[in-house]
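Structure, as structure tokens:
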There are 2 protein chains.
Amino acid sequence: MNSHKGDRLVRIVFEPDGNTLQTSPGISVFDAAYLAGTKIRFECGGNGKCGKCRVIVKDQDHLTETTTHEKKLLTPSEIERGFRLACQALIKEDVVVFVPPESRVERRKIQVTGFERSLEIDPMVKKFYVVMQKPTLSDFKPDFERLIDALNDAYGLRCWEIDHELLKKLPYLLRNAGWEVTVTLWNDEKIIRIEPGDTSEKVYGLSVDVGTSKIVVYLVDLKTGETLGVGSVENPQTMYGEDILTRISYVITEENGLKRLQSRAVRGINEALNNACKEASVDTMNIFEATVAGNTVMHHLLLAIEPRYISSSPFTPAIKSPINVEANKLNIGINPSGIIHLLPIIAGFVGADAVADALSSGIFESKEILLLLDIGTNTEIFVGNADDLLSCSCASGPAFEGSQIKHGIKAVNGAIERISLNPTSYKVEYETIGDVKPRGLCGSAVIDVIAEMRRYEIINSRGMFNQTLKTPRLKKTNGRSEFVLVAKDDSATGQEIVLTQKDINEIQLAKAAIYSGCSILMKRKGLNDEDLSQILIAGAFGRYLDPENAKLIGLVPDLPTEKIKFVGNTAITGSKMALISKAARKQAEKLSKSIRYLELSADPLFRSEFTSALLIPHKDLSRFSSVSVES
Amino acid sequence: MNSHKGDRLVRIVFEPDGNTLQTSPGISVFDAAYLAGTKIRFECGGNGKCGKCRVIVKDQDHLTETTTHEKKLLTPSEIERGFRLACQALIKEDVVVFVPPESRVERRKIQVTGFERSLEIDPMVKKFYVVMQKPTLSDFKPDFERLIDALNDAYGLRCWEIDHELLKKLPYLLRNAGWEVTVTLWNDEKIIRIEPGDTSEKVYGLSVDVGTSKIVVYLVDLKTGETLGVGSVENPQTMYGEDILTRISYVITEENGLKRLQSRAVRGINEALNNACKEASVDTMNIFEATVAGNTVMHHLLLAIEPRYISSSPFTPAIKSPINVEANKLNIGINPSGIIHLLPIIAGFVGADAVADALSSGIFESKEILLLLDIGTNTEIFVGNADDLLSCSCASGPAFEGSQIKHGIKAVNGAIERISLNPTSYKVEYETIGDVKPRGLCGSAVIDVIAEMRRYEIINSRGMFNQTLKTPRLKKTNGRSEFVLVAKDDSATGQEIVLTQKDINEIQLAKAAIYSGCSILMKRKGLNDEDLSQILIAGAFGRYLDPENAKLIGLVPDLPTEKIKFVGNTAITGSKMALISKAARKQAEKLSKSIRYLELSADPLFRSEFTSALLIPHKDLSRFSSVSVES
């Protein structure tokens, strides 16, 4: 066939996307696809070496004959079924080309939250397999330039930065690998690892949430976005203080306190990381990035940044922008050349965890007005929608996490997670995690029992026990009232499980802090309860929480129950989103700049709102008409 | 005065640049200058606080009255002489404004080489003094963002990167400094130091040339471009090998050899640096960048990059691009957060020193064809002009630096630098450095004496002594001929100073390597001697070299003597150019990419050119018609 270019046109259709091209015959299927706008994978620069550009063509006689490269990389059965390598087959006549899923360059999507939010996978860290020509006297290009030119040829990448430690070994690495290596790139520009051969399938990341009480990590496959393992440990800083203010004063008063707290946080992350890696049989050297959410103090402590000025007015953090630090500088046990990315923060008490909450809850793109609460030792609250978001933070204390409650425990085996009382006999019915004998109450059960007590007027609106009640469950120990929930014989500890007057008061303080935060934010935005389309509750205890009971004790505004949703640990989910998606990471930075912050302690409404919210459910019963109890 | 905008125009002339603006009255002198294209300094954002925008106006009644800011920042005598702050004075009527030199934003120029090349001073490292507002409850911007916003307000800078070590201390630093600090920026984007108060005058850099034998540093004031101190030490690597090949084999054969050679180079730089700093009373903590030139092997050894592949075909270096490494990673004794910039290289044997040569000699922008030689243990040669440059390297050995020559010494006190012989009596006349008794011969004198011997036929064209010569100076020691230049009694050592047959042969090898490099480069570019407009000779010994003698021994092509110029140590000068000028640094990178490289050992002409060049001056006498000696 000797037709001149332009003599005659052929028409090529690419399926399943339907892209079409008319051009002169003699073009490769690969080039035609490129011109038609259909992206086909390749890793060898179109030299018939990688076998990634497989396509299926029924009319084989409309293409040139199978090349030796194709015979090497395709099985006879595949060739029979019409498989070709797009870079090898040239087009002679009109043809329809089917591009199978494995050959398509398209961004995979993954669902990252429990409520239908999905995300294109486009992580900062990627691996690329490249094959280079050996240097010769007529091609004496230096090793680094040889490598980056090869990356550019095969993938169109223009990286130019290399870690000094890696550069030292580069000449040896490339020669030892026979000039076939897999390069790990950060942000398509910085080379952080070079391995012999093709290891491009092994690329992992870590998303981290450093909570005041708990450190959670997800080990994530950066090719698929899947979470392969989860690790969770108590924050080892807890021994130096339960809450963030105690930890800051530890830093201020103890020599090397900051260094000690930092190394404890790192130790906790590494422990969780190692657990997750063991679970998934992943080598930590193949983890190249960790994204970290955490409140502002956890953020500063992890980076060993002086945190003292966060704790006193005007509560100024050192930095709000996102930060990238080399893993080896922080001793975090991923690949030492990997990057630790700290998500940006909003303010002194609305940290990177809150940015992650806003990101993964989707509140920032909602048309409807939403209220979002991430309940923990500090509770972050957001109200608004895509147009404008206002945030605040309140010190809700660790009561909802089981701390400061006499028989409170975390949501572990043996914890009562749901509980109800008989209105007349006051008999207690409960469910425990693991369906074993109870060891204590977790946060959701504490809310249940207080709601039930208020419901049946065992306590009044001020949270005080009704001393006229005729039941042996209500008794006094050392002169202080308490209510027996589980008898000695029924508990796993051999001790009674009780709820004390002090426990109730702790919960009142915590829920008053949270509710008054919600209320002030809404007032400052001129909103009423009716304006809210949903309340989203995040945090570890969310999924066990009974929304009716939450309303009854006055924890959240009195919205119809179906409008109250539990969204799980949005901090770790947001951290994961930033890990697997550059777009999400960019969005997080935008949010940290655009979300407004209200300093509750400086708001003139704060004192009266807080005091009114100490009552159960509230001083102003008109706010809780659906759940009000005669008192 | 209540004229509406547009009612009336005033005309403002700025002197000395003559820029003129017509506009409505009421505009500040500062804004008018900006619109007219005259740049006036400011550091406070035009708030009358920094006092940097001083101008002189004779017709004071054409401006608004002196403000309280001006009364604070200008002395009564200055006010009387017509000084105003440009940001405070508003224009009422036509006026001529004189902008004194200290208020002008203009790039200062400095002459960097001995032959009239000058350069705008625009270093990578600059210091900026900023004053911030204290955070309050209504302005709780975090510290880092407060700082970068202040830098942006005052200087239009958009930096965003901060060293992690610095960030750790940032909250304390800013508060301790009362929110008035001087920030050191690298490339206008990375914060590398923050100091309390205004230290903007103290900003220094270091230019370095790591030669195979010698390390030279210049301590440079980055505000003025002036060299404040010079340090020079023998390269401490010398004890592990005189030349680069010996050092590479040391790396290959000795465990930790690479680490040892690296630390020796660093030790040498630090010693030279400390000497220069002592001389100029500069604190090393105020040195924020060092630019380093050096041949490819010195470059690799300093960075501890595996150098072995440079020494065998195809002589491939690890990298040619410029490299920036933090000073603390290399233990170079400038500010630990400062940057070490390695100039780019061209090829395995044409390194960063050669790029510096090409940069500072100006050969890359010459219209005329030039030949440039940087003579050292390795000699780098360039030929061409702005259109195209071709380079090569030849192993000329250390003979010209006094090594391998029986009584050769470096150009130190007591070295004979110029020498001549009486044609008949063979009496020797010489000059020594320091005008003291001679201790030995430096490179230029060795060339002189061989040229004289050839001129008076004491040696023949093969470099062999004329054994028929009747003079007691020519004698044999252990059966080998030598020529006595200085008698025992006249020398500082009490020993004769002689030139041996072997010395002559060493010089023949060295000059043959250099000349054949020149010749092959010229042939490959199709050039004859007549096409050369100049020969530029760089290197330490250049300034003592007699061009006539250089031609007579056949070291360089036979051009008229006035066309042979000595350009000094172009490597350190080029390194300094890259230090004080971003444009020069960019130019260096361009040169490393555009200058072509010829591997002499792979050139088929090499063997015959080299052999012919072993004769004195050359086998082909027609090439040296101006200096030929009857033989």
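The values are calculated or read from the model by the stated rules, or taken from the named source; none is laboratory data. None of these values were measured; they are calculated from a predicted model. Neighbour counts are summed over all protein chains in view; Cβ atoms, including those assigned to glycine, are modelled from backbone coordinates with ideal geometry.
Counting only helices (runs of 4 or more DSSP H) that sit completely within region B:1-101, those holding 3 or more residues that are surrounded by 12 or more Cβ atoms within 10 Å (Cβ to Cβ) correspond to B:29-36, B:68-73.
Against the conditions (1) surrounded by fewer than 24 Cβ atoms within 10 Å (Cβ to Cβ); (2) touching a Phe, Trp or Tyr at 6+ places or on another chain (Cβ under 7 Å); (3) among the hydrophobic types (A, V, I, L, M, F, W, C), A:I369 satisfies every one except (2).
Here B:A154 meets each of (1) touching a Gly at 6+ places or on another chain (Cβ under 7 Å); (2) surrounded by fewer than 23 Cβ atoms within 10 Å (Cβ to Cβ); (3) farther than 22 Å from B:I121 by Cα with one exception, condition (3). The condition (being among the acidic types (D, E), more than 14 Å from chain A (Cβ to nearest Cβ) and not in a strand (DSSP E or B)) is satisfied by just one residue among B:E417, B:E429, B:E457: B:E457.
Candidates are the residues of region A:470-491 that are in a loop (DSSP other than H, G, I, E, B) and free of Cβ contacts under 8 Å to residues at least 12 places away in the same chain; the one that is nearest to A:L545 (Cα to Cα) is A:A487. Reported count of residues in region A:301-324, each being more than 7 Å from every other protein chain (Cβ to nearest Cβ), without any contact (Cβ under 8 Å) to a residue 24 or more places away in the chain and under 19 Å from A:C392 (Cα atoms), is 1. Return the residue satisfying two criteria in turn: it lies in region B:172-199 and is under 24 Å from the mean Cα position of the chain (by Cα) and part of a loop (DSSP other than H, G, I, E, B), and of such residues it is nearest to the other protein chains (Cβ to nearest Cβ). Ranking the qualifying residues of region B:172-199, first place goes to B:N187.
Tell me, please, whether a residue that is of a type in the set (F, W, Y) and under 30 Å from A:G231 (Cβ atoms) can be found in region A:561-574. Yes, there is a match, as at least one residue in region A:561-574 is of a type in the set (F, W, Y) and under 30 Å from A:G231 (Cβ atoms).
One residue is enough: does region A:177-185 have a residue meeting the conditions surrounded by 18 or more Cβ atoms within 10 Å (Cβ to Cβ), small (G, A, S) and at pLDDT 95 or above? Checked against the condition, which is being surrounded by 18 or more Cβ atoms within 10 Å (Cβ to Cβ), small (G, A, S) and at pLDDT 95 or above, region A:177-185 yields no hits at all. Filtering region A:140-171 to residues that are part of a loop (DSSP other than H, G, I, E, B), facing chain B (nearest Cβ under 9 Å) and basic (K, R) leaves only A:K141. On inspection, A:A304 passes the criterion of being outside any helix (DSSP H, G or I) and at pLDDT 95 or above.
Within region A:365-398, the set of residues being under 22 Å from the mean Cα position of the chain (by Cα), acidic (D, E) and part of a strand (DSSP E or B) comprises A:D374, A:E380. Please indicate, with yes or no, whether at least one residue in region B:199-209 is at positive phi and not assigned by TED's automatic domain parsing to the domain that holds B:A327. No, that holds for no residue. For region B:334-364, a residue qualifies if it is hydroxyl-bearing (S, T, Y) and either assigned to a loop (DSSP other than H, G, I, E, B) or within 22 Å of B:A395 (Cα to Cα) (or both), and the qualifying residues are B:S337, B:S361. For B:E548, are the conditions met, namely being over 17 Å from B:C392 (Cα atoms), surrounded by fewer than 17 Cβ atoms within 10 Å (Cβ to Cβ) and either among the polar types (S, T, N, Q) or in contact (Cβ under 8 Å) with a residue 60 or more places away in the chain (or both)? So B:E548 fits the description; yes.
Taken over region B:327-355, the criterion of being farther than 23 Å from B:D163 by Cβ and either among the aliphatic types (A, V, I, L, M) or more than 11 Å from chain A (Cβ to nearest Cβ) (or both) is satisfied by B:L343, B:I345, B:I346, B:A347, B:V350, B:G351, B:A352, B:D353, B:A354, B:V355.
For (1) free of Cβ contacts under 8 Å to residues at least 12 places away in the same chain; (2) out of contact with any strand residue (DSSP E or B) (no Cβ under 7 Å at 6 or more places or on another chain); (3) surrounded by fewer than 22 Cβ atoms within 10 Å (Cβ to Cβ); (4) not in a helix (DSSP H, G or I), each residue gets a yes or a no:
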site	(1), (2), (3), (4)
B:I252	no, yes, yes, no
B:K259	no, yes, yes, no
B:A265	no, no, no, no
B:L273	no, no, no, no
B:A276	no, no, no, no
B:E279	no, no, yes, no
B:A290	no, no, no, yes
